[in-house]
Structures are given as C-alpha cells and as structure tokens.
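Student: Following this message is one structure expressed as structure tokens.
The values are calculated or read from the model by the stated rules, or taken from the named source; none is laboratory data. The model shown is predicted, which means the values in this text are computed figures rather than measured ones. As a convention, Cβ positions derive from the backbone with ideal geometry for all residues, glycine included, and neighbour counts pool all protein chains shown.
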Amino acid sequence: MTGILAFCILTQPPELAPAQNLMVGVRSDGYWVLWEPSMTDSLILRYEVFRDGELIGRAEIGEYEFLDKGASGVHTYMVRAVGGPRYIKEIEVWGMKLPLLAWQEGGYADTRPVSVEPLAGLAVSHRWQGFGFSGYRLEWGFRPQGFVEVIRDGETIITLPPGSQSFTDASAVVGKKGYMIRDATTGQEIIPNIRARWEAVHFGGLTLSWNLPGQEGFTLMRSAEAREQDMRTVDHMPPEPVAQVTGQESGFVDRMASREMIALLRSRSPMNIYRYYLVSGDGSKVYFSEPVRPQAFNFMKLPVLIMDILFACVFFGFLFMARRGRPMFIRKIAGLEELDNAVGRSTEMGRPIVYVPGIGTIADIESIASLTILKHVAKKAAEYETPVIMPNFDPMVTAAAKEVIKEAYTEAGRPDLYNEDNVFYVSSQQFAFAGAVSGLIVRERPGATFLIGYYAAESLVIAEAGYSVGAIQVAGTASVLQTPFFLAACDYVLIGEEEYAASAYLSHNALQMATLKAEDVFKATFVSAIIVLSLLVSLGISFIFLS
C-alpha cells in the first residue's frame, strides 16, 4: 500500500510553463516565429504554433522555431507548450520493475500573443559623412591562446576568435580610448596600440526614423539575410537587440551596421539584407521595416570618382593646349637624347646595330614600349644606311618587330634596304637566348647595342658582351632589380618610367604629350601629399587615412 501511494505521488503532473521570449521575425519567404524553451522543457511533448487563433504547425522537442511560409500583412501569433507522456525511469515495486510516467497528455501552457505588422512610418536611410573620424584601429602584439575580449570603458563590446590581433571599433567616439584586450583563456590583459581612422567619405551607419506616438518604449532589433556566392544559399540571422529607445524618441543611428551593406554588388561578394523591428516593452507588438538593401552607388568610392574626373579635366586641358601648338616642357632624358648619336657612331665605324627587346612577350607593356623606340632607331638607321640586327625571345614579338622595322624603312624612303633576315627568332629559353645574343654580339662587333625591354637575370650577361666589344650601349627596363646591372655596364640607361615616356618624348604627339603631362601633375600632387603626411606622423599625429 505504501509503494502504491508513493507511485501515485511521484506521478502527479507538475504545472507546465509556457515558452519564453516569443518573437516574430520577417524573412523574404514568410514570417519566422522564434521562441526560447519552456522552463519545464523536459516535460513538453511538442510546441504548437497558432496564427490568429488557428493551428498552423507543430515543432517537436528541440525545435524552437517555425516558418510561416508566404505570410504577410498583420497577424497575431501564439505558441502553446503541450505536455505529454514521458518515461523517466523504472522503479521496483514488490519485486516488479514498473515504468514511472510523470503525467499524461492533456496539459498545456500558452504564451502571450504577439502581433506583428509592417510599419510604413519606420524608414531606414544610409548615413554618409564627409571627411572625418570613423573609428579606432586596435592592434596588440601578442597572439592570444583563446577567445579575445575587447573591453571599452570596462564593458566587453565584442569577443573575437582565438588568435585575433586587431580590431576596428567603428562605433567609437573620438577622444575615448579606454580600451583593454583580455585573453579569455589565460586572463592576460594588455592595452592595445590605438590609431584613429580618418576617411574622406565614410559610412556613418543606418539612420532610422519612426512615428509611434503614445508608446512607452521599444526594443530596437535587427535581423539579416546573407546570400552566398551562388545567390541561392541564404543564411538567416534571427532578430537581435540593437538598443533600447524611449517613447519620446523617434529616431536612432545604427553605427554597427555592416559596411557590406553599402558595398557595390559584385559577383563574388555576398549580398546582405537588413530588417529592423520595434518591439513593445511587454513584447506583444512587433513593428518591422521594409528590407534595407545595398545602394547602387558606394559613396566610399566617391574620392576615386573625384580623382578620375580631375585627371580627365587636367588631361583634356593639356590635350587642348598641345593641339593649339602651345609648347610643353619635358625634361631631357639622356638615354633618349643619345639614340641618334649611337646610330651615328655605329655608322661612322661601319658596324651594324644590335637591338635586343629583352625576354618579354607581346602582352608585356615593356615590349610595346620597346617597339616604339625601335621604330625611331630603325628610321634613323635607314637614313644612315646602317643595318639593324634584332634577335628575339618571343615569336610574336618577332612578327611585330618585322612590321615595325619595315614601316620605319618605308617612312625613311629606303624600303630597299630592309632585310627581313636581320630580324629573327632565337629561343624562348632564358639563358639559351642570352648565350645566343652574346655570341652574336661578339661575332658581329656592333657599333651600338640597344637593350630595351623586359629583362631578368640575363641582363648583365648581354650587357657585358656589348661592353667587351666596345659598343656604345643604351639600355632601359622598368625592373628595379636589373637597373643596377645596366648602370654598371651601359653608357646610358632609361630608368623606370622613362622607357614608357619615350613614345611621347620622341614623337611629340599631342595625345601622348597630354597623357604624360597629366601623369606628371598627379605624381607631383601625390608626392607632396606623402611628404606632408609623413611630417604629421613624425610630429606624433598618427592616423589611418582611407579613401
């Protein structure tokens, strides 16, 4: 009798507790009903979701969400926690093992209904600001073992993954630098290195405004949908609290909104869609905004557009002056001034000219620049009746060079002097090419050699061969690694962009002159800016300037 009484007491059904923190979010495919487990979740058989008093779905134990597909407009949702039979353990009564059931199906507990509706008066706009402060960049020297806590004014603002060594606080207030970095595993704390970020145009967040008079206050929440690269896979982030606002407030600036929000849509970048909610103090009312999508124009790139427009204005200004015949000064480039002298000396000595365009392909800009200089050299050589020998590394360059030299001889009025066999392909193997060219120079003993184009380790091999036969040598390459070797073995060297400027320098073409002058103006501007900013940093004004 005692055992039966104890069994009856143990199986007395406890009182069920409803689900907690019911929230209704909005997705592109319907309303998203979310809740937290009941305090008596272990006694719950299932959860039932009701819309406007009608049962629309069920969620089994362990599931705390339900998608009401296709739902829109104004609806009221409620979640019911339904109790059911549960096997807890076996008990032994009079030598028999009996299952112990806590209760029978029939008990339930309902949440408070939550009404959800779109709010036309809840407007969201992108907030752009001109040049100014856009946050602090934090960096720390050690590599934490565990998660990293970023603490500002005694409060943890974010927890970063293990090993993180930097963070940018876009919500920082200028002048407030009370930061501390803590390793959550070891408890080690360190004060980070702090640098201010200044941007020409920066994203100040998303500005929200609403009109809901007579309300006591709201919890402002935000959810997001991110489409992956395939644009089909969608990651949903449930609504999360952003701030508490009072009933007197009618606006808020969300400075923590992702910068991806306003980035231009690219094929390899995810697309984020934000949505904001105003949740009443008791949670019974949910107002949501229209989806906030990226803008078509990324204002953070506005400085780039302005610089492009300024460059275009300067370029067309110089082009107009050049076509009007106004003289333009270009500093003398010794290597280009000596091209004619080198051809003349080779003619006086009765020796040929060897022109080597390097080991670049026809797709390399240095090869194109070299062909431009080749035309000038070949034209002058045709006037002096001096043969031009040109060994080549690339077959396509060989074909292009034949046409360039043939055209130069024709323009000089001596097409009969053109010898196609003097322009030939050697090898596409670097040092096989270098050995063949060196042997050619030693055998032919040219009066002048021109080594202009893309060069690598073979530069000094070829240059020393020309030096050994006493040829006057003019070299040019944009490679900073090979320029020292040319300086040591050649008489004149085109350094860096002097090779690219040769076309405008030699032809005085209006279009090319305008391009060259516009580039020089902007180079001078950037160099001046670098000097000024370097002086500011030297004076202790440390910052990061972003465009």
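One line per residue, one yes/no per condition, for (1) assigned by TED's automatic domain parsing to the domain that holds Arg275; (2) outside any strand (DSSP E or B); (3) among the aliphatic types (A, V, I, L, M); (4) modelled with pLDDT under 90:
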site: Ile9; (1), (2), (3), (4): no, yes, yes, yes
site: Gln12; (1), (2), (3), (4): no, yes, no, yes
site: Pro18; (1), (2), (3), (4): no, yes, no, no
site: Met39; (1), (2), (3), (4): no, yes, yes, yes
site: Ile56; (1), (2), (3), (4): no, no, yes, no
site: Gly62; (1), (2), (3), (4): no, yes, no, yes
site: Phe66; (1), (2), (3), (4): no, no, no, no
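Student: Residue check: is Ala488 part of a helix (DSSP H, G or I) and touching a Cys at 6+ places or on another chain (Cβ under 6 Å)?
Tutor: No; evaluated as a whole, the condition is false for this residue.
Residues checked against (1) surrounded by fewer than 16 Cβ atoms within 10 Å (Cβ to Cβ); (2) in contact with a Pro (Cβ under 6 Å, 6 or more places away or on another chain); (3) polar (S, T, N, Q):
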site	(1), (2), (3)
Phe315	no, no, no
Pro327	yes, no, no
Ala342	no, no, no
Pro357	no, no, no
Thr361	yes, no, yes
Ile373	no, no, no
Lys380	no, no, no
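Student: Which of the residues that make up the range 366-416 are in contact with a Phe, Trp or Tyr (Cβ under 6 Å, 6 or more places away or on another chain), farther than 30 Å from Val480 by Cβ and of a type in the set (Ser, Thr, Tyr)?
Tutor: Tyr409
Student: Another question, if that's okay. Take the residues in the range 330-358 that are more than 42 Å from the chain's Cα centre (by Cα) and of a type in the set (A, V, I, L, M, F, W, C); name whichever of them is farthest from His508 (Cα to Cα).
Tutor: That would be Met349.
Student: Please tell me if Tyr418 is free of Cβ contacts under 8 Å to residues at least 40 places away in the same chain, in contact with a helix residue (DSSP H, G or I) (Cβ under 6 Å, 6 or more places away or on another chain), among the hydroxyl-bearing types (Ser, Thr, Tyr) and assigned by TED's automatic domain parsing to the domain that holds Ala378.
Tutor: Answer is yes for this residue.
Student: Name the residue that is modelled with the highest pLDDT, counting only residues in the range 121-133 that are out of contact with any Ser or Thr (no Cβ under 9 Å at 6 or more places or on another chain) and either assigned to a loop (DSSP other than H, G, I, E, B) or closer than 30 Å to Phe288 by Cβ (or both).
Tutor: By that ranking, first place goes to Trp128.
Student: Got a sec? Which helices (runs of 4 or more DSSP H) wholly within the range 256-349 have at least 2 residues that are in contact with an Asp or Glu (Cβ under 9 Å, 6 or more places away or on another chain), at pLDDT 90 or above and under 30 Å from Arg445 (Cβ atoms)?
Tutor: Counting at least 2 such residues, we get 339-349.
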